[in-house]
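Notes to accompany the following structure.
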Number of protein chains: 4
Amino acid sequence: MPLSPEQQAEIDALRATPAPTLRAVAPGMERHLYVPQPVLDHGFVRVVDYMGDDAAICQAARVSYGKGTKSVQNDEGLIRYLMRHWHSTPFEMCEVKLHVKLPVFVARQWIRHRTANVNEYSARYSILDREFYIPAPEHINSQSKVNNQGRGELLSPEDSARVLEMLKADSTRAYDNYEAMIAEDGIGLARELARMNLPANVYTQWYWKVDLHNLFHFLRLRADAHAQYEIRVYAEEICKLVADWVPFAYRAFEDYRLGAVTLSAQMVEAMRRMLKGEEVTAENCGMSAREWREFMGVVDKS
Amino acid sequence: MPLSPEQQAEIDALRATPAPTLRAVAPGMERHLYVPQPVLDHGFVRVVDYMGDDAAICQAARVSYGKGTKSVQNDEGLIRYLMRHWHSTPFEMCEVKLHVKLPVFVARQWIRHRTANVNEYSARYSILDREFYIPAPEHINSQSKVNNQGRGELLSPEDSARVLEMLKADSTRAYDNYEAMIAEDGIGLARELARMNLPANVYTQWYWKVDLHNLFHFLRLRADAHAQYEIRVYAEEICKLVADWVPFAYRAFEDYRLGAVTLSAQMVEAMRRMLKGEEVTAENCGMSAREWREFMGVVDKS
Amino acid sequence: MPLSPEQQAEIDALRATPAPTLRAVAPGMERHLYVPQPVLDHGFVRVVDYMGDDAAICQAARVSYGKGTKSVQNDEGLIRYLMRHWHSTPFEMCEVKLHVKLPVFVARQWIRHRTANVNEYSARYSILDREFYIPAPEHINSQSKVNNQGRGELLSPEDSARVLEMLKADSTRAYDNYEAMIAEDGIGLARELARMNLPANVYTQWYWKVDLHNLFHFLRLRADAHAQYEIRVYAEEICKLVADWVPFAYRAFEDYRLGAVTLSAQMVEAMRRMLKGEEVTAENCGMSAREWREFMGVVDKS
Amino acid sequence: MPLSPEQQAEIDALRATPAPTLRAVAPGMERHLYVPQPVLDHGFVRVVDYMGDDAAICQAARVSYGKGTKSVQNDEGLIRYLMRHWHSTPFEMCEVKLHVKLPVFVARQWIRHRTANVNEYSARYSILDREFYIPAPEHINSQSKVNNQGRGELLSPEDSARVLEMLKADSTRAYDNYEAMIAEDGIGLARELARMNLPANVYTQWYWKVDLHNLFHFLRLRADAHAQYEIRVYAEEICKLVADWVPFAYRAFEDYRLGAVTLSAQMVEAMRRMLKGEEVTAENCGMSAREWREFMGVVDKS
C-alpha cells in the first residue's frame, strides 16, 4: 500500500487540523481518521468520515431531545436489547464513510451489497495505476472438494509457483498493452475502451458510505469463515474500526450475530430431545445429511 | 413549539460543549445544531447531526486522498457540473440527521420517501402529548376546482370558524377519551390500541436521516408550489438549513432543480419554432390542452 | 369487508377471462387472484398479480437458460440450501402485488418496511369511506406489565364496553364532521385538510408490491407472536397465500426462519455445557437475567 | 451470441407451452419471452418474465378493484399526466426480469443502478466461457478532446488493427492460463482465485429484475448519447422491448424524459428574453461558457 509523498502530505495535513464541533464525537474513531490500514498487497481501508456513536443509537431509539442516557436503563443494555430483538432502525442512525483500495474482483463481490453509497474511481475518465493483486503463496489453494464455491488445500510449491508466474506475466503484459493503447502521443485509444484489457486483479478504489445496520449485515456475511479470503481481510479490518467507534454496539454484534447460531425448527427439536437425554441420530433427527452435519458442528459434544 | 425546561436544558447542554474533531466541519451548520426551528403551531425541525460539506462532495467525485480541491477546477464549478449532468452519487456522500415534530397526516406523506432512515416515537410504548395541529384561518381553503388534489380559495370567515370549532372539539374529545382509556389507575387499555382513537392532526416526532441527494429529491417535490402547505413549510425550513450547510450545492440545486423547467419533446419543438418567428398556437403545437397551458406558463411572453 | 356489487362484478369479470401466457404460472396462486380474503372487521388482502414460482428461484440461482431443474439436485433441496445459508437474491426474483384494505394505524406500522412499492388511496384527491376498525371484545387488552409495548390481560367486560363506546362514538362524530366539512354544497373544505379530523382506526387501502425475500422479512417480524394483533392477522393471511404460491420456499421459510431460533454466543456456550452434563444456572451462564429467561424458553427442558 | 443446441431446445420448450393465467397479459411482451436479442459480438438480452401492463399502471394509480379504466379519463391520458408530473409510484407497479449476457466492464457500469435485483453467474462456483468482447473497427475511437470521459474520432486503420491484435492476444493468453490454472487434472487452482486473471472484456451473465420506474431511470441515462456505446446498445435493445410491453408508458417516457430538455433557471430566463425579442449573448446571459454552449444546443436557432 504505497502512498505517494503527496498523498501522505494530504493525509498529514488533514490530521493536523482539528476543529471544534458540537456534534457527537467518537474518540476511538478520531484516532483512525484518514489513516490507511493496509490490506492485501496494495490495498487499504481508511475512515474518511463518520456520524454518531453508541449514545446516538440510544438517542434515536428514544427519540429524545438530549443525549438520551437515562440512569435506570443504561445505554449498553438498551443496545444489546435492540440488537437481540432485531430492532434495526436505531443502528441506521450511525453512518461511516470509507475510502477503500481493492482488487476489481473483490469490488465486484462487495458491490452486491446495494444499501450503500459508492463513488468509484473512473477508468473512463482517469488512468488506472500499475498495481495488481498477487496472492501470497500461503493463500494459493486448490478448488474445494466439499464446498463448490470455496478453497481446499494449499497447492504444491511447484503449482503455486506456476500460478504466480502466470498471474504476474499476464498482469504485466496486460498493463503494458493498456499503456500502449492509451498513450496520448501514441495510439490514443479512448480510456473507456482500453480498460477492458485489464484483468480482475487490478486495483481500483472507491468511497463507500454505509449506515451501521447495513455495515453489520455486510460484516456478518464477509467476515464469515465461508467468505473468500480476499474480501474477508477487508471485513476484518473494518471490524476493528467499528469496535473502536461504537464499542457497545460492536460487542452486541459479536454476541448476537458473529458468534451466534441460528437453529432450524428441526434443530431446536433435536436439541431439546438431547437435553432430555434422548439419543438423537442422523437417522431419527428429521434433517438432511448436510443439515445434520451442520448441527453436529453447532452442538460440538466433543 | 413549547419545549419543556428540561428539554431546553438538554439542548443548552449539548450546545455548550464543543469538542475537537478531525472530520469536515461545516460552520454554517454548527450554528443550527440542536436548535429547534418552529414550524406550524407545535412542530419543529432541528439538525441533530450532519456529515460532510461542499468539499466532501468534490472529494468523493474525485476519489481523492485529501480535501480534493484542485486549483484549475474550482469546487463550485465541479458541483454545478455534477448537478447539471445528474451525477448523483457524490451528493450521496453528505448526510444529515433531523429531529422533526409534525402532525401525523404530514408524517404519512413524508414517509413515502423511502430512501431515508427513520425512528419514530412509539405510541405502542409511550404516551402521545396533547398537541394537535389547528390551521390558522389564513390557511383554511376550499377544495380546488382546477386541481383535484389541491386547495382553492379561502373559506368565508363563518365557514372557517365552523371548521376550526369542529377540529378543536373533536381533537379535545378524542384526547380526553384516549387519556381515559390508558389511565393506569383506570381502564388501563393497551397503548397500542388506545392510539387508534387519535386523529391525524395529532403531533408525532421522529429522527429522520437522509443523504443530500435524496434530500434534494424530497425538497424538489415538497418545497414545490403544488405540495400541500403543511408539508411545504417543513421543506422550506429545511431548505434554509441546507443553504447554510452546503452553500455551493444548494445554489446549484436552486438553479438546476427548484428553478429549472423540464420541456417535453413537443415543448422543445414549439419553443424552437417560436424562436424562429413562427406562430405557434394551441391548435398547431401538438400538445394536449393541459400541456399547452403548462407551456404558456413557462414561456411567459407577457 | 363489504364489497359493493360493482366491485364484486369487476372481480368476477377478471376471474372469468383467463388468457394464455408463456410465463411461469403458479396454479396455487391463480386460485387466489383478485379474491379478497377478509381481515379484521372491514379489511382484506387480495392478490392482484404475481411473478415467478419455486422453479423461478432455482432458475435465477443457476442463471440458466431453461426451467433450471437438474435431475441430480432437486429444486426443493436447492431452495432449502439457499434459505439456510442466507442467499437472499434468488428469492428476490419472485414478486407479488397485493391490494390491502387496513386501518391507518396498521398502515403506519406496515410502511416502515421500505423495500416495497406502494400506491395508497389518496385522501387529498378522494373521499374516504365511513369505515372504522372497532376491535372485537376478545381483543381488548390492558397494557402489558412485562412488555412495555404489548398487551396484557383482557379488560373486564365493563371496561371493554366503555372502550368500545368511546371508539364508536368518536369515530362517528369525527366522520360526521369530516362529511360536513367537505360537503360540496356546504362548507367545501379542501379534502387534504378535512382528512386530518379522521382517527387512526379509519380504513385506508393500497396496492403493495414486494419481492419474496423482503416479504419473508416482513412476515418473520409481523407474523411473530410479539407483533401487534391487528397487523399479525394480515401477515398470517399472507402466509397462507405464499404457502400456496411457492410451497417449497414457504416450507423452508417456516423451518429456517419462522420456527428457527437464534442463539447468542453465550447461549451456544451454555447449550454445549448443558449437553456435556454441566449444571448451567442463571448465575454461571454469563447472560443477563432477561437473556437467561429467553434461553430457558428455547431449551424448554420441561 | 451462439446458443448451444441444448439452450435453444430449452428456450423452444418454454415457448411451446402456453398456460392459462388470470393475470394481466401484455401480448406485445409475450412475443419476446425467452427469445435472446443479440447485442455486441456475444451478448444478448432476453425477457424471462414480466408483471403488469399499461392498464396496471392506471389501476394502481386509482387503487381500484377492477381493471381501472374509466370512460371519462382514458388510460393514456392518465399515464402521460403521471409521467409529466413525476408521479413515479404507479410505474413501480410493473416489473420485468431480464437475462443478460454482457462484458464485465459493462456489468460494472450497469450494477451502479442499485434499485434492482440481480443474480449473476458465479465464477467462484462455475467456469466462465471463452468469450470476449472484441469491438468492431467502427467502434474503436480515440480519447475525446472535449469530453474527458468519452470517445473522439475513429482511430486510423493501422492503430485500430494494433488495438484489435492486442485485445485478442491478451484475451486468448489470459483464458489459456485460466484454463491451465483450474484444470481439475492439472493445477486445480480454486476458481475464486483463477478468475482474477480474466480481463474486463470477458462475458458474464445475470438475471436482472427491475420495476418500470427504475428501468426508465436506467434507460434515460444509458440510452443517452453520452453513455458508453457498449452499454447504450443494451439500453436501446431494452427500449424496444419496453415499447412493445407498455406502449403508452413508453411513449410518455420518450416525450417527457428521453426527448425532453431541462432548462436551468438561467436558461429559462434567457429563453424568455429571447422570445420577447431581446438579444441574448454569452456575455449577458448569466451562464458559464459551458452552460451557454449547452443552451445553444437546445434552442438550435439554425
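Taking both sides together, the accessible area buried where B meets A is about 4900 Å² for a 1.4 Å probe.
Remark: the Cα gyration tensor places segment B:1-54 in the oblate category, a/c being 1.5 or greater and a/b not exceeding b/c. Buried by at least 40 Å² relative to the chain on its own: which residues of segment D:87-119 qualify, computing accessible area with a 1.4 Å probe on protein heavy atoms? Going by heavy-atom accessible area, the residues of segment D:87-119 that drop by at least 40 Å² are D:Thr89, D:Glu92, D:Met93, D:Lys97, D:Phe105, D:Arg108, D:Ile111, D:Arg114, D:Asn117, D:Asn119. Averaging Cα coordinates gives a centre for segment C:194-229 and one for segment D:161-207; these two points are 49 Å apart. Once the GluC sites (Glu not before Pro) in DSSP loops with at most 11 neighbouring Cβ atoms within 10 Å are cut out of chain A, the longest remaining piece is A:1-183. Projecting label points 7 angstrom from Cα along Cα→Cβ for A:Asp129 and D:Glu179 puts them 3.5 nm apart. For C:Gln8, inter-copy separations between label points set 7 Å beyond Cα along the Cβ vector come to 5.5, 6.2, 8.3 nm, shortest first. Volume per residue for segment A:135-199 equals 90 cubic angstrom (convex hull of Cα atoms). For A:Lys145, the point set 7 Å out from Cα toward Cβ sits 6.3, 6.4, 8.6 nm from its twins in the other copies, listed from shortest up. Checking the Cα-Cα distances for B:Lys209/B:Lys240; B:Lys101/B:Lys209; C:Lys209/C:Lys240; D:Lys101/D:Lys168; A:Lys240/C:Lys276 against a 26 Å cut-off, the pairs over it are A:Lys240/C:Lys276. Using the Cβ-Cβ distance between A:Gln8 and B:Glu283 with R0 set to 60 Å, the FRET efficiency works out to roughly 0.30. Give, as a single signed number, the net charge of other residues whose beta carbon lies under 9 Å from the beta carbon of A:Gly150, with Lys and Arg counted +1 and Asp and Glu -1. Value of the local net charge: +1. Extent along the principal axes, Cα only, for segment A:233-291: 47, 23, 15 Å, with the longest axis given first. Highest GNM mean-square fluctuation among C:Arg232, C:Arg272, C:Arg124, for chain C modelled with Cα contacts below 10 Å: C:Arg272.
Along the charge dipole of segment C:141-266, pointing to its positive end and built from +1/-1 on Cβ of Lys, Arg, Asp and Glu, which listed residue (C:Ala200, C:Gly152, C:Leu221) has its Cα farthest out? Final value for the positive-end residue is C:Leu221. Whenever you get a sec, compute what percent of the accessible area on chain D sits on carbon and sulfur atoms (1.4 Å probe). Carbon plus sulfur share of accessible area: 52 percent.
Taken about its Cα centre, segment D:14-95 carries a charge dipole of about 220 debye when Lys and Arg each add +1 at the Cβ and Asp and Glu each add -1 at the Cβ. Residues whose amide H lies under 5 Å from that of A:Thr21, counting only those 5 or more places away or on a different chain, are B:Ala19, B:Thr21; hydrogens are built 1.01 Å from N in the peptide plane.
3J(HN,Hα) along segment D:156-161: 5, x, 5, 5, 4, 5 Hz, from the Karplus curve 6.51 cos²θ - 1.76 cosθ + 1.60 with θ = phi - 60°, whole Hz, x for Gly and Pro. Summary for B:Ala19: label point 7 Å along Cα→Cβ; distances to the equivalent points in the other copies, ascending, 1.8, 6.0, 6.2 nm.
Remark: segment A:92-104, residue by residue, has Karplus-estimated 3J(HN,Hα) of 5, 7, 9, 9, 9, 10, 10, 10, 10, 10, 7, x, 4 Hz, where x stands for each Gly or Pro and the curve is 6.51 cos²θ - 1.76 cosθ + 1.60 at θ = phi - 60°. Computed over Cα pairs, the Kirkwood radius of chain B leads via Stokes-Einstein (1.002 mPa s, 20 °C) to a diffusion coefficient of 94 µm² per second. The H on the amide N of B:Gln37, modeled in the peptide plane, is under 5 Å from the matching H of B:Val45, B:Arg46, each at least 5 residues off or on a different chain. Each Lys and Arg Cβ is given +1 and each Asp and Glu Cβ -1; about its Cα centre, the protein assembly as shown then shows a dipole of about 0 debye. Computed from backbone phi with θ = phi - 60° and the Karplus coefficients 6.51, -1.76 and 1.60, the 3J(HN,Hα) list for segment C:4-9 is 6, x, 5, 4, 4, 5 Hz; x is used for glycine and proline. When the P(r) of segment D:197-278 is calculated, the portion above 14 Å amounts to 72% of the C-alpha pairs. A Stokes-Einstein calculation at 20 °C with viscosity 1.002 mPa s, built on the Kirkwood radius of the protein assembly as shown over Cα pairs, returns a diffusion coefficient of 66 µm²/s. Excluding ligands, DNA and RNA, the accessible surface per residue across the protein assembly as shown is 39 Å² with a 1.4 Å probe.
For chain B, the 222 nm mean residue ellipticity estimated from helices alone, with every DSSP H stretch of n ≥ 4 adding -39500 (n - 2.57) and the total spread over all residues, rounds to -12500 deg cm²/dmol.
Taking label points 7 Å from Cα along the Cα-to-Cβ direction, B:Arg114 and D:Glu269 give a separation of 3.9 nm. Of the Cα atoms belonging to segment C:173-218, the radius of gyration and Dmax stand at 16.6, 49 Å.
Residue and whole-Å distance for the chain B Cβ lying nearest the axis of the B-onto-D rotation are B:Thr262, 2.
The values are calculated or read from the model by the stated rules, or taken from the named source; none is laboratory data. Given the structure is predicted, the values throughout are model-derived calculations rather than measurements. Note: ideal-geometry Cβ built from the backbone for every residue, glycine included; neighbour counts use all protein chains shown. Remember, those area values only see protein heavy atoms, side chains included, never the ligands or the DNA or RNA. Shrake-Rupley method; radii C 1.70, N 1.55, O 1.52, S 1.80 Å.
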